[in-house]
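Heads up: the structure comes next, in structure tokens.
Please treat every number below as a calculation from the coordinates, not as lab data. All values derive from a computational prediction rather than experimental measurement. Note that we place each Cβ from the backbone using ideal geometry, even for glycine, and neighbour counts take in every protein chain shown.
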Amino acid sequence: MTVLDSTGQLEFASGGSPPGSADHVLVRLPLSMSSDSWHPEFMALARGKNLTAVPEGKSLLVRVPVGASREETAQLLDEALRLIDEAQAQVNTRRSAAAVTEQYIQDWWESHTRTPHGNAAPS
């Protein structure tokens with residue numbers, strides 16, 4: 001599944017410090033889904049990869065260094081998209097693990113709400 005919204009518009013801004021110096025270009029990539037469910041996971045992954053990218057609703061803001069080659073730019077943007085997939089996978093894994101744990105809790109509850117003979121305890 002592609003996460004980019006091909007009908008959306010790219011937005012660019014040059015930035016740097018002090019104002020007026022342009023050491024990077026900020027690009028806002030339109031996404032096909034909201035980042036609400038995987039935002040924290042993405043941010044942790046991005047920090048770990050030293051990637052300056054921030055999901056904002058249905059877009060991803062990525063910082064691309066000025067002077068990066070065509071290949072470096074493509075690699076950086078592709079890495080940002082891969083991190084979305086990784087973040088979503090982490091969320092799905094956690095949800096699956098939670099479902100298993102919930103079942104364990106339910107089993108425990110049922111074992112403690114029955115009489116020693118296996119019949120349900122009276123209400």
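Observations on the model:
- Put simply, the amide H of SER59, placed in the peptide plane, has neighbours under 5 Å in LEU31, SER35, leaving out anything fewer than 5 places away on its chain.
- Near ALA68: Cβ cut-off under 14 Å, other residues only, Lys/Arg at +1 and Asp/Glu at -1. The net charge is -3.
- Hz values of 3J(HN,Hα) by residue in segment 53-70 - Karplus curve (6.51, -1.76, 1.60), Gly and Pro given as x: 8, 9, x, 9, x, 9, 8, 10, 8, 10, 9, 10, x, 5, x, 5, 6, 4
- Over all other residues within a Cβ to Cβ distance under 15 Å of GLN90, the charged ones net out to +1, with Lys and Arg as +1 and Asp and Glu as -1.
- Under Karplus coefficients 6.51, -1.76 and 1.60, residue-wise ³J(HN,Hα) of segment 99-110 in Hz, glycine/proline x: 4, 5, 4, 4, 5, 4, 5, 4, 4, 4, 4, 4
- In order along segment 42-52, the Karplus-derived 3J(HN,Hα) couplings, from 6.51 cos²θ - 1.76 cosθ + 1.60 at θ = phi - 60°, round to 4, 4, 5, 5, 4, 4, x, 9, 6, 9, 8 Hz, and Gly and Pro are given as x.
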